[in-house]
Amino acid sequence: MLKTPIWKKFLDGTPEYLARHYWWAYLWRPAIWFFDRQPIINLILFGQYKRLLKQTLHCLEKCPAGNVLQLTSVYGKLTPALLEHLDKRPLHLIDIAEAQLQASIKKLPDNKRNQLICARMNAESLAFKNNSFNTILIFFLMHEMPAAARLRTLSETIRIMQPGARLVITEYAEEPINHWIYRRRLLRNLLTYWEPFLQGFWREDFTSLLHKEANKQGKKIQLTESHYIFNHFYRVLVYQVDA
């Protein structure tokens with residue numbers, strides 16, 4: 001008698017691609033405990049976590065007043081640091097995994113927990129009204145989605161952005177064919193094995209996708225800042241919806 005694959009045990013409202021490919025990293029509670037450790041996070045990002053966090057927060061300094069959304073939970077210090085940055089302004093946080101939301105709350109001091117507004121939600125189908133947010137942050141999510149899911153998430157993101165809103169995306173850069181990590185086949189193969197959608201993400205014209213999705217909704221979005229880190233292996237991009 002065939003046993004049920006482990007990943008199918010995590011399908012409770014979770015997209016199939018997430019359960020199938022990432023149950024071991026984001027949905028299994030022992031994994032959440034293990035991966036949400038600063039040395040582990042820094043190792044996964046080749047020692048660049050602090051630089052990425054610093055640049056991300058710097059890009060958020062110029063964001064307009066109003067509602068702020070962090071699109072999915074992340075391991076590390078980002079959410080607590082973002083709440084400090086926002087002072088007393090609330091931060092909305094959505095994630096499809098209840099365990100991830102709980103882990104984000106546990107990292108906060110007691111005086112900051114009421115400042116975080118959590119909701120279990122699929123990024124591909126956001127339960128927010130049109131033009132709800134002035135600032136949206138997406139931190140290392142896009143490369144973990146298949147192309148169709150990524151496109152739906154971008155469409156939903158643009159839908160809920162107000163005119164004048166800013167979108168900050170921290171991610172891998174374009175395909176880094178000259179980078180020493182990419183040029184070492186073993187490292188490249190390991191990276192694309194653990195990140196099965198990264199190869200497709202590397203080869204997408206990300207800004208063009210945003211332009212097309214914005215045009216479909218009668219909006220204009222423009223790239224206003226590009227910051228590259230680790231010899232163009234990572235990037236922090238800032239977009240703005242024209243008022």
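Going through CYS59, CYS63 one at a time, which residue ends up being modelled with pLDDT under 95, surrounded by 15 or more Cβ atoms within 10 Å (Cβ to Cβ) and either more than 16 Å from the chain's Cα centre (by Cα) or outside any loop (DSSP other than H, G, I, E, B) (or both)? Spell out the reasoning first.
Values: CYS59 fails: modelled with pLDDT under 95.
Criteria check complete, one pass: CYS63.
Being in a loop (DSSP other than H, G, I, E, B) and surrounded by 15 or more Cβ atoms within 10 Å (Cβ to Cβ) is the filter here, so list the residues in segment 99-125 that pass it. I'd like the intermediate steps shown before the answer.
At the first step, the residues of segment 99-125 found to be in a loop (DSSP other than H, G, I, E, B) are 107-109, 121-125.
Answer for segment 99-125, where residues must be in a loop (DSSP other than H, G, I, E, B) and surrounded by 15 or more Cβ atoms within 10 Å (Cβ to Cβ): LYS107, LEU108, MET121, ASN122, ALA123, GLU124.
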Tabulated pairs, segment 168-192, first within 16 Å of GLN48 (Cα to Cα) and in contact (Cβ under 8 Å) with a residue 40 or more places away in the chain, second in a strand (DSSP E or B) and of a type in the set (D, E, K, R), C-beta under 6 angstrom, 6+ apart or interchain
ALA173/ARG235
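From the list ILE136, ILE181, ILE177, which one is aliphatic (A, V, I, L, M), at pLDDT 95 or above and within 25 Å of PRO80 (Cα to Cα)? Walk me through it before giving the result.
Values: ILE181 fails: within 25 Å of PRO80 (Cα to Cα); ILE177 fails: within 25 Å of PRO80 (Cα to Cα).
Just one listed residue meets the conditions, ILE136.
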In segment 126-181, residue farthest from the chain's Cα centre (by Cα) [restricted to those that are buried (at least 17 other Cβ atoms within 10 Å of the Cβ) and acidic (Asp, Glu)]:
GLU156
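Any idea which residue in segment 207-227 is nearest to CYS63 (Cα to Cα), counting only those that are small (Gly, Ala, Ser) and not in a helix (DSSP H, G or I)?
Filtering segment 207-227 for residues small (Gly, Ala, Ser) gives 208, 214, 218, 226.
Subset that is not in a helix (DSSP H, G or I): 218, 226.
On the way: GLY218: 22, SER226: 15 Å.
Here the answer is SER226.
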Segment 175-206: number of residues that are outside any helix (DSSP H, G or I), in contact with a helix residue (DSSP H, G or I) (Cβ under 8 Å, 6 or more places away or on another chain) and within 21 Å of GLN240 (Cβ to Cβ):
1
Can you spot a residue in segment 137-151 that is touching a strand residue (DSSP E or B) at 6+ places or on another chain (Cβ under 6 Å) and assigned to a helix (DSSP H, G or I)?
yes
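The values are calculated or read from the model by the stated rules, or taken from the named source; none is laboratory data. Keep in mind that what you see is a predicted model, and the values were worked out from it rather than measured. So basically every Cβ, Gly included, is an ideal-geometry build from the backbone, and we count neighbours across all protein chains shown.
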